[in-house]
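Peer 1: Before anything else, here's the structure in question.
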Amino acid sequence: MIEPRLTYARVSTRLRRLLGNDHLVVSVLAIVVGVVVGICIVGFRETIDLFQGIFYGFDSIYGNESEHLAPIAANLSGWRIVLATTLGGLVVGILVSRFLPECRPQGVAEVIEANAIFGGRMSLRVGAMVALVNTIS
């Protein structure tokens, strides 16, 4: 596995040689990070829409229904709401118990702790699993 710090060092060294200016390097890295984070946010939101469509039976392609879930859920039968929440909770419980350390989701406190104790390093696998658990819940 490639060490993240080593990869960052290689990229920043190559950018410094190519661009010749540290401020320009930081600006380019900021743009790249911003684009990657933006893509991740859109993907996160689309995944939420996907799970809402699966569990509640609507397609967000025809509008922004996921922002107005309460009126849609009000028109669903009771068994479907109970089934959707039960299955969602079961999937979240299984994912948390099998794939997350200490069997609990990571939150803001864990990010602060990782920054203070581990120099800001967190597991990519744990972060991805927490994102998946949040989209399902």
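The values are calculated or read from the model by the stated rules, or taken from the named source; none is laboratory data. Just so you know, these numbers come straight off a predicted model, no measurement behind them. Virtual Cβ from ideal backbone geometry, glycine too; neighbours counted across all protein chains shown. What goes into the accessible areas is simple: the full protein's heavy atoms, side chains included, and nothing from ligands, DNA or RNA. Shrake-Rupley method; radii C 1.70, N 1.55, O 1.52, S 1.80 Å.
Peer 1: Could you check residue 117 against (1) modelled with pLDDT under 80; (2) closer than 28 Å to residue 12 by Cα and say which number it fails?
Peer 2: Answer for residue 117: the failing condition is (1).
Peer 1: Still on this structure, please answer the following. Here are the criteria: (1) of a type in the set (A, V, I, L, M, F, W, C); (2) at pLDDT 85 or above; (3) surrounded by 14 or more Cβ atoms within 10 Å (Cβ to Cβ). Tell me which single one residue 28 does not satisfy.
Peer 2: (2)
Peer 1: I'd like to know if the stretch 92-104 contains one or more residues that are surrounded by fewer than 10 Cβ atoms within 10 Å (Cβ to Cβ), under 16 Å from residue 129 (Cα atoms) and at pLDDT 80 or above.
Peer 2: Checking the stretch 92-104: at least one residue is surrounded by fewer than 10 Cβ atoms within 10 Å (Cβ to Cβ), under 16 Å from residue 129 (Cα atoms) and at pLDDT 80 or above.
Peer 1: Pairs under 8 Å by beta carbon, first residue open to solvent by less than 30 Å² (accessible area, probe 1.4 Å) in the stretch 40-59, partner not in a helix (DSSP H, G or I) and not small (Gly, Ala, Ser), six or more apart or different chains?
Peer 2: 53/59
Peer 1: Please pick out the residue among 51, 55, 44 that is modelled with pLDDT of 85 or more, within 27 Å of residue 133 (Cβ to Cβ) and assigned to a helix (DSSP H, G or I).
Peer 2: Exactly one residue qualifies, and that residue is 44.
Peer 1: Exactly one of these conditions fails for residue 5: (1) modelled with pLDDT of 75 or more; (2) over 16 Å from residue 136 (Cβ atoms). Give me its number.
Peer 2: If we test residue 5 against (1) modelled with pLDDT of 75 or more; (2) over 16 Å from residue 136 (Cβ atoms), just (1) comes out false.
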